[in-house]
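Just below is one structure, and these are the notes that go with it.
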Amino acid sequence: MDDGTRAKPAALLAVDESNFGRRVLHSPLPVLALYGAPACPASRALRPLLVELAAAYAGAIRFATINAERTALLAGQFGLHMTPTLLVAAGGEITTRAVGFVPPALLRHLCEQIAASALPPDPLWSPVEATFEDLVVVPLLERWGLSYTRQASSPAPARGRVDFLVYDALGGTPLTLFENKRTLSTAPALALAATQAHGYARALGLPSCVVAAPAGLWIYASDGARPALACRISALELLQRPEHALAALRRLSQAG
């Protein structure tokens, strides 16, 4: 019966060095813990998302927060170098982690995997590429009102398949293309992805190309011999101001 009162949101457990073992490593449920800092915008943005998920997954996952400014020993013990970092613990050990801001749809996907005991056996968590595309890239393009073709053919000399060929109107002149990666953890990996995207863009006569990953978007002008970075938009910025990326693509299109 609805008595007009609202249930309180599930609390995030506050974890420090004195109770980390009991509340995280030896929890009867798997734990998703946010290692963050009050001054870190991405850490602050993740907290309300975790509160929502704590209510949705009550009884299946415990959610916790760790203040990075007060847990230097934990940071040294577990190699925590960046905020935010999401730690997943089960069975007495840290099973995986995700570094940086995780977009809401991917965060829920992570929780689904935790609850189903279906996490991949990787020390650094990332979604498979198709999941990233379905949960992040497709909704973004639809929010922008753009259409797309997946796995479009690229002509010579850059033969291959373009992950997403993006149009203002289906059947019209393409606006840009997306080269999607499940993760980009190093500068050489980003450079390789940018070179690949640039080759496709040059073959198709496009003014720009985009490298997309859970960490955000890298937008390149493609009118030169090499990709020229026009702007970098983090996953958090993309969530808060998605129109900025579209405006950058349109500027490059008009310049071309």
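The values are calculated or read from the model by the stated rules, or taken from the named source; none is laboratory data. The model shown is predicted, which means the values in this text are computed figures rather than measured ones. Every residue, glycine as well, gets a Cβ built from its backbone with ideal geometry; the counts of neighbours run over all protein chains shown. Keep in mind that these areas ignore ligands, DNA and RNA; they rest on the heavy atoms of the full protein, side chains included. Shrake-Rupley method; radii C 1.70, N 1.55, O 1.52, S 1.80 Å.
Checking each residue of the range 155-162 against the condition of being within 15 Å of the chain's Cα centre (by Cα) and without any contact (Cβ under 8 Å) to a residue 60 or more places away in the chain gives no match. The residues in the range 48-99 that are out of contact with any Gly (no Cβ under 8 Å at 6 or more places or on another chain) and assigned to a loop (DSSP other than H, G, I, E, B) can be counted, and the count is 11. Selection of the range 154-167 for residues being open to solvent by less than 70 Å² (accessible area, probe 1.4 Å) and either part of a strand (DSSP E or B) or of a type in the set (A, V, I, L, M) (or both) yields SER154, ALA156, ALA158, GLY160, VAL162, ASP163, PHE164, LEU165, VAL166, TYR167. If you check ALA193, ALA197, ALA189 for being surrounded by fewer than 20 Cβ atoms within 10 Å (Cβ to Cβ) and not in a loop (DSSP other than H, G, I, E, B), only one passes: ALA189. PRO121 meets the stated requirement of being exposed (fewer than 15 other Cβ atoms within 10 Å of the Cβ) and either at pLDDT below 95 or small (Gly, Ala, Ser) (or both). Within the group LEU184, LEU110, LEU170, LEU175, which residue is surrounded by 20 or more Cβ atoms within 10 Å (Cβ to Cβ) and modelled with pLDDT under 95? The match here is LEU184.
Inside the range 80-93, can you point out the residues that are in contact with a helix residue (DSSP H, G or I) (Cβ under 8 Å, 6 or more places away or on another chain) and either among the aromatic types (Phe, Trp, Tyr) or buried (at least 18 other Cβ atoms within 10 Å of the Cβ) (or both)? Explain how you work it out, then say what you get.
The initial filter retains those residues of the range 80-93 that are in contact with a helix residue (DSSP H, G or I) (Cβ under 8 Å, 6 or more places away or on another chain), namely 80-81, 83-84, 86-90, 92-93.
LEU80, THR83, PRO84, LEU86, LEU87, VAL88, ALA89, ALA90 - these are the residues of the range 80-93 that are in contact with a helix residue (DSSP H, G or I) (Cβ under 8 Å, 6 or more places away or on another chain) and either among the aromatic types (Phe, Trp, Tyr) or buried (at least 18 other Cβ atoms within 10 Å of the Cβ) (or both).
Look at (1) surrounded by fewer than 19 Cβ atoms within 10 Å (Cβ to Cβ); (2) within 24 Å of LEU106 (Cβ to Cβ); (3) at pLDDT below 95 and you find that GLN151 fails only one, number (3). Scanning the range 213-256 for residues that are in a loop (DSSP other than H, G, I, E, B), over 13 Å from the mean Cα position of the chain (by Cα) and farther than 18 Å from HIS198 by Cβ gives ARG241, PRO242.
The lone criterion from (1) at pLDDT below 95; (2) in contact with a Lys or Arg (Cβ under 7 Å, 6 or more places away or on another chain); (3) of a type outside the set (Gly, Ala, Ser) left unmet by ASP223 is number (2).
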